[in-house]
Amino acid sequence: MIKLLIVDDSRTARDRIALDVAGASDIILCGTAKDGPEGVRLAVEREPDVILMDLVMPGMDGCEATRAIMTRRPVPVIVMTSADGRDATKRAFESGAAEFFTKGQGAAALLETIRTMARVKVVGFHVHERVATMPERVRSRRASGRSSTPHGVVAPAGIVVVGASTGGPQALQVLLSNLRPDLPIAYVIVLHIAHGFLDSLTGWLKTTAGPTLKVAREGERFAAGVAYFAPDGTHLEITRAGTAALTDAPLRHGLRPAVDVLFESAAQTLGRRSLGLLMTGMGSDGARGLLAMHQAGAMTVTQDEASCVVYGMPKMAVSLGASRAALTPQAAAGAIAVWARQLPKETTPT
């Protein structure tokens with residue numbers, strides 16, 4: 001039985017969620033809180049398996065309450081936000097929230113999210129590594145509109161492909177903040193995240209990331225020093241011409257975008273000139289794709305168990321013999337830099 005705690009300053013919202021939960025035989029409501037302080041207290045007293053946390057509340061808001069809970073009794077926190085409140089979610093990422101849910105998506109989607117998060121085991125703040133400060137020279141270039149690499153002009157010597165799911169935003173922040181912006185490589189990323197939150201996420205990550213961040217576009221040529229995210233609801237592949245291919249092909253593992261689709265394309269088109277990194281997440285997406293990359297001669301890395309929020313996707317890859325090394329996000333950034341310096345000078349096809 002999943003014990004659920006609701007924290008929301010709206011009685012109407014609390015009653016509506018309670019009614020949704022009442023129809024689920026595997027979820028029991030162990031408490032409701034009308035504000036942040038009460039939510040923190042009940043999180044300790046009632047020991048819920050999952051917490052639904054409203055983002056905007058007077059006094060102690062959802063971010064402050066989440067941070068307090070994560071330091072007292074770590075538990076998966078699902079932040080609830082309205083469609084127009086997504087810009088505030090970057091604070092929730094930093095506070096330790098495990099997942100985000102947009103109000104109004106419906107009871108079925110909410111219950112499935114609760115069930116998924118109930119299987120997540122958290123221990124305080126998950127990634128205990130340094131988030132590097134963006135070098136002043138990089139920050140000043142971006143402020144003036146000048147990129148550290150001339151996009152569309154410098155083709156990468158190699159491409160790093162990354163897959164992540166639950167716990168991915170925090171892990172990606174550590175990884176990207178520790179990457180040098182002048183490495184001769186591009187990055188292509190698939191992250192499983194609630195629909196509509198990608199822009200908010202990249203906006204948050206841009207504040208510390210070494211590479212330039214953007215959402216990939218169909219036919220766009222990958223450039224060195226840039227990290228490309230797969231758009232919502234679309235598979236992302238790498239073509240032999242070194243461009244992005246966006247497709248609405250069938251779901252893989254019930255997902256689109258899927259990490260396996262990206263990794264398999266890297267194996268087929270890049271081989272040794274690619275590095276695959278499979279990070280924290282539930283399920284098995286990316287494991288077989290990483291194996292395909294391994295068999296094609298690519299460098300393959302998984303996030304280590306200790307730094308993962310959910311050691312699911314990486315564990316499956318390790319069990320398949322697909323991983324050459326298990327590293328923390330910060331250590332993975334260092335390994336990527338070493339790998340990039342050893343790449344041959346030839347660039348991707350033009």
Check on residue 152, modelled with pLDDT under 75 and in a helix (DSSP H, G or I)
no
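Residue 186 - would you say it is within 18 Å of residue 261 (Cα to Cα), buried (at least 20 other Cβ atoms within 10 Å of the Cβ) and among the small types (Gly, Ala, Ser)? Let's see the steps before the verdict.
Details: within 18 Å of residue 261 (Cα to Cα): yes; buried (at least 20 other Cβ atoms within 10 Å of the Cβ): yes; among the small types (Gly, Ala, Ser): yes.
Yes; evaluated as a whole, the condition is true for this residue.
If the requirement is being outside any strand (DSSP E or B), surrounded by fewer than 23 Cβ atoms within 10 Å (Cβ to Cβ), at pLDDT 90 or above and among the acidic types (Asp, Glu), which of these qualifies: 94, 112, 64? Show your work before the answer.
Details: 94 fails: at pLDDT 90 or above; 112 fails: at pLDDT 90 or above.
Just one listed residue meets the conditions, 64.
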Residue 31: surrounded by fewer than 16 Cβ atoms within 10 Å (Cβ to Cβ), small (Gly, Ala, Ser) and either closer than 18 Å to residue 98 by Cβ or in contact with a helix residue (DSSP H, G or I) (Cβ under 7 Å, 6 or more places away or on another chain) (or both), yes or no?
no
Only one of these is within 23 Å of residue 310 (Cβ to Cβ), surrounded by fewer than 24 Cβ atoms within 10 Å (Cβ to Cβ) and either of a type outside the set (Ser, Thr, Tyr) or without any contact (Cβ under 8 Å) to a residue 24 or more places away in the chain (or both): 49, 15. Name it.
49
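Is it the case that some residue within segment 244-251 is without any contact (Cβ under 8 Å) to a residue 12 or more places away in the chain, out of contact with any helix residue (DSSP H, G or I) (no Cβ under 6 Å at 6 or more places or on another chain) and either outside the structural domain of residue 279 (by TED's automatic domain parsing) or surrounded by fewer than 20 Cβ atoms within 10 Å (Cβ to Cβ) (or both)? Write out each step before concluding.
Quick first cut of segment 244-251, residues without any contact (Cβ under 8 Å) to a residue 12 or more places away in the chain only: 250-251.
Next, only the ones that are out of contact with any helix residue (DSSP H, G or I) (no Cβ under 6 Å at 6 or more places or on another chain) stay: 250-251.
Applying the additional criterion that residues be either outside the structural domain of residue 279 (by TED's automatic domain parsing) or surrounded by fewer than 20 Cβ atoms within 10 Å (Cβ to Cβ) (or both) yields 250-251.
Yes, segment 244-251 has at least one match.
Take the residues in segment 190-206 that are in a helix (DSSP H, G or I) and under 22 Å from residue 255 (Cβ atoms); name whichever of them is modelled with the lowest pLDDT. Steps first, answer last, please.
Here is the first cut: in segment 190-206, the residues in a helix (DSSP H, G or I) are 198-205.
Now narrow it down to the ones that are under 22 Å from residue 255 (Cβ atoms): 198-202, 205.
Values: 198: 89, 199: 87, 200: 83, 201: 87, 202: 90, 205: 91.
Among those residues, the one meeting the criterion is 200.
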Take residue 166 and tell me if it is of a type in the set (Ser, Thr, Tyr) and surrounded by fewer than 20 Cβ atoms within 10 Å (Cβ to Cβ).
no
For a quick check of your reading of the model, give me the residue pairs whose first member lies in segment 301-329 and is outside the structural domain of residue 97 (by TED's automatic domain parsing) and of a type in the set (D, E, K, R), whose second is modelled with pLDDT under 95 and assigned to a helix (DSSP H, G or I), with beta-carbon atoms closer than 8 Å and at least 6 apart or on different chains.
315/305
Kindly evaluate residue 32 against the criterion of being of a type in the set (Ser, Thr, Tyr) and assigned to a helix (DSSP H, G or I).
no
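Among 43, 65, 97, which is touching a residue at least 24 places away in the same chain (Cβ under 8 Å), of a type in the set (Gly, Ala, Ser) and touching a Gly at 6+ places or on another chain (Cβ under 6 Å)?
On the way: 43 fails: touching a Gly at 6+ places or on another chain (Cβ under 6 Å); 97 fails: touching a Gly at 6+ places or on another chain (Cβ under 6 Å).
Only one candidate qualifies: 65.
Within segment 191-210, can you find the residues that are in contact with a Phe, Trp or Tyr (Cβ under 8 Å, 6 or more places away or on another chain) and touching a residue at least 60 places away in the same chain (Cβ under 8 Å)?
The first filter runs over segment 191-210 and keeps only residues in contact with a Phe, Trp or Tyr (Cβ under 8 Å, 6 or more places away or on another chain), leaving 191, 193-194, 197-198, 201-202, 204.
Those that are in contact with a Phe, Trp or Tyr (Cβ under 8 Å, 6 or more places away or on another chain) and touching a residue at least 60 places away in the same chain (Cβ under 8 Å): 193, 194, 197, 201, 204.
Please verify whether residue 78 is more than 28 Å from residue 168 (Cβ to Cβ) and either out of contact with any Leu (no Cβ under 6 Å at 6 or more places or on another chain) or outside any helix (DSSP H, G or I) (or both), treating the condition exactly as stated.
On the way: more than 28 Å from residue 168 (Cβ to Cβ): no; either out of contact with any Leu (no Cβ under 6 Å at 6 or more places or on another chain) or outside any helix (DSSP H, G or I) (or both): yes.
Against the criterion (more than 28 Å from residue 168 (Cβ to Cβ) and either out of contact with any Leu (no Cβ under 6 Å at 6 or more places or on another chain) or outside any helix (DSSP H, G or I) (or both)), residue 78 does not qualify.
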Residue match in segment 276-289 (condition: surrounded by fewer than 24 Cβ atoms within 10 Å (Cβ to Cβ), modelled with pLDDT under 95 and closer than 22 Å to residue 165 by Cβ)
yes
Unique residue being closer than 28 Å to residue 338 by Cβ, part of a loop (DSSP other than H, G, I, E, B) and touching a Leu at 6+ places or on another chain (Cβ under 7 Å) when the list is 244, 209, 223, 227:
209
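The values are calculated or read from the model by the stated rules, or taken from the named source; none is laboratory data. Note that the structure is a prediction, hence the values are computed from the model and not measured. Glycine gets a Cβ as well: all are built from the backbone with ideal geometry, and neighbour counts include every protein chain shown.
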